[in-house]
1. Nearest 0.05, what FRET efficiency do Ala361 and Arg215 give at R0 = 22 Å with Cβ-Cβ as r?
2. Averaged per residue, what accessible area in Å² does the stretch 116-237 show with a 1.4 Å probe, protein chains only?
3. Calculate the tail of P(r) for the stretch 260-323: the fraction of all Cα-Cα distances greater than 18 Å, expressed in %.
4. By average Cβ neighbour count within 10 Å, what is the ranking of 158-168, 44-54 from highest down?
5. Hey, how much of the P(r) for the stretch 201-348 falls beyond 19 Å, as a percent of Cα pairs?
6. Give me the orientation-averaged projected area of the Cα convex hull of the stretch 103-153, in nm², one decimal.
7. Which percent of the accessible area of the stretch 201-348 is formed by carbon and sulfur heavy atoms (probe 1.4 angstrom)?
8. Looking at the stretch 178-264, I'd like the Rg to Rh ratio, where Rg is from alpha-carbon atoms and Rh is Kirkwood's inverse mean 1/r.
Amino acid sequence: MRGSSEKLTENGNGGSPAPDPEANGNITEDRQVDKTEEIPTVVLRQREAKWLEMLNSWDKWMAKNHKKVKERCQKGIPPSLRGRAWLYLTGGKVKREQNQGKFEELDNMPGEPNWVDIIERDLHRQFPFHEMFAARGGHGQQDLFRVLKAYTLHRPEEGYCQAQAPIAALLLMHMPAEDAFWVLVQICEKYLPGYYSKELEAIQLDGEILNALLRKVSPVAHRHLKNQKLEPILYMTEWFMCAFSRSLPWASVLRVWDMFLCEGVKILFRVALVLLKCTLGSQEKLKTCQGFYETLESLRTIKPQYMKEGFLVHEIIELSVSEKDIEKEHLAQLRRWKENRGELPCKSPPRMHGAKAIMAAEPPSRLDLRQKPTIIVKSPLASKTDEVRAEETRKSTKTVQDNGPAVIPPPEEFANPHPAPSDPVSLLKPTTLQVSKDSLSSEEHDTYL
């Protein structure tokens, strides 16, 4: 079993494992431990049941009740179903079904030596205190290598970017390697197109968009950054390229990703705007960061109270920055870029704003969305049972023939479909594992939680 995505461990002062809320595995003394908000078991089971219902009719829910899907993502996806929900939200499930055997093919290829060398050097840096990735050469690092190498073969013109490693690692905490690969593909191609190109033009463009939006959300913070000549690319690059996976406490990372994969890149803009406003949004707050370096340091070490799960999620939802606002600024910044620097050398595909836009652009078939249980247990006595039944049938037929005219037999008694544990008949039937009512886990595959 893989490590729980919500259980990070660190070597504390006492030498025993303890929860580590930091996404990059490095904890500092002034950071508060942000524990996941406790949800009553009854409420969690209800949410699991609702999510299972949605996943069983995903196309209908997305077409007719997307608002409810969005609301449930904002409340937080149940941990037991988070991996499968992310797979469906991103369209990774459809990609996987439409490209059967593709990941296995890429996995068996050797990979370009330069990329392989760089990826191998990065493996130990990803979530080093998480039990999945703690051991050098362990199964977590092996799967991470497989996913990243496969992406370089899938997109040789793009290759590998270091910021993809924490994203892939986070996905592997929730799903198998093949699923993580297809979700990574969707994030790179649909959610954040162009972010991982050589010249990073897309991230620079989004930095200018963030700066323009900040002028409206917090004029004080915008004016201060302008006076200090602090360019967005200096403080927002890791935020956006890693989708905040290395910048927030763990509980907050998961909640942000639930919303990001549902609603798209506007969630990353909202998170950034909230952090900027909370850190630099008043004259009182600016007293501690008068200069360039002090300001940059304050943005690299955001105060813990601004990153806590409950506070941050509430502020993200309340902040009114829409897809239209982002696209409007995108066009404005694109015109300014062309005037000052010429055409963008990297032509990225259009950005998809979340799950609904992805599904609308590439409508899936019901077959692509069908859930396929992979854990099926067949009783070793099943074949013997068939032989016994066949023999009994032959004996019965011979008896009837020997005793004269056929006699209409009494109505056949049907076996109890749910026999008591002591009933030996239950051991003779091929059985399929059923979903436990106490733990509504994935029927499709182990979610590694």
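The values are calculated or read from the model by the stated rules, or taken from the named source; none is laboratory data. Every value quoted in this text rests on a predicted model; they were computed, and no experiment measured them. Glycine also receives a Cβ, built like all others from the backbone with ideal geometry; neighbour counts cover every protein chain displayed. Each accessible area value is taken on the protein alone, full model and side chains, heavy atoms only, with ligands, DNA and RNA left out. Shrake-Rupley method; radii C 1.70, N 1.55, O 1.52, S 1.80 Å.
1. Numbers: r = 31 Å, r/R0 = 1.43.
In this case the efficiency is close to 0.10.
2. Details: 4220 Å² over 122 residues.
Averaged over the residues of the stretch 116-237, the accessible area is 35 Å².
3. Numbers: 799 of 2016 pairs.
Here the tail beyond 18 Å accounts for 40 percent of pairs.
4. The peptides rank, most packed first, as 158-168, 44-54.
5. Details: 5629 of 10878 pairs.
Pairs farther apart than 19 Å: 52 percent.
6. Quarter of the Cα hull surface area: 3.3 nm².
7. Numbers: 3300 of 6510 Å².
The computed percentage sits at 51.
8. On the way: Rg = 14.5 Å, Rh = 14.4 Å.
Computed over Cα atoms, the ratio is 1.01.
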